[in-house]
1. Listed residues 120, 159; which is out of contact with any Pro (no Cβ under 7 Å at 6 or more places or on another chain), at pLDDT 70 or above and not small (Gly, Ala, Ser)?
2. Restricting attention to the stretch 35-78, which residues are at pLDDT below 80 and touching a Leu at 6+ places or on another chain (Cβ under 7 Å)?
3. Quick check on the stretch 34-86: of everything there that is of a type in the set (D, E, K, R) and surrounded by fewer than 12 Cβ atoms within 10 Å (Cβ to Cβ), which residue is farthest from the chain's Cα centre (by Cα)?
Amino acid sequence: MYKYAVRGVPALTRAPAGTLSAGVPVLWLLCLSLFGGRPALEWSLDNLGTLGIVAAGIALLYLVPGLAVLRVLWRDDALAWPVRAGLALGIGVALPPLLLEAASLVGLPWQRWTTLVFVLLAAGLLAGLHLRSPLPAARRAETRTADGLLLAGITVVALLA
């Protein structure tokens, strides 16, 4: 704990930076058990493997293209990874409908192989940008931010709703 002063306000005690982010996953599990009830929690624990495959599919389809677009548009890398992941999910969710409409306009049917090409192009772009300009360790953003984890959690809950 450390103290800091704000103009006109006495010194306040504040927790260290990583304290809140450690409890965020517990908070999401608590919300799942409270709002979903015991059956939802039991179902999610029974189907953990299937949920892992679905999470990997979501990461490939939404997170990788969103990270690629964010890496192209946001060069300074001042964002922490939870904030970057939350923004990338939002961008990645918006990309497939836009590309589906563009493919429909040019007469290209959107099939399994076009989705695979879309994901592979995004992964290649992301890998190429990362290899071309690797970030020094000193410029990387601090990774322990509770607000970023909350943003990522809200994004996931919004996608599930």
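The values are calculated or read from the model by the stated rules, or taken from the named source; none is laboratory data. Note that the coordinates shown come from a computational prediction; the quantities given were computed from them, not determined experimentally. Ideal geometry is used to build each Cβ from the backbone, glycine not excepted, and the neighbour counts take in all protein chains shown.
1. Details: 159 fails: at pLDDT 70 or above.
Unique residue meeting the criteria: 120.
2. 40, 41, 44, 77
3. First pass over the stretch 34-86, keeping only residues of a type in the set (D, E, K, R): 38, 42, 46, 71, 75-77, 84.
Next cut, surrounded by fewer than 12 Cβ atoms within 10 Å (Cβ to Cβ) only: 38, 46, 75-76.
Numbers: 38: 27, 46: 25, 75: 18, 76: 18 Å.
Here the residue is 38.
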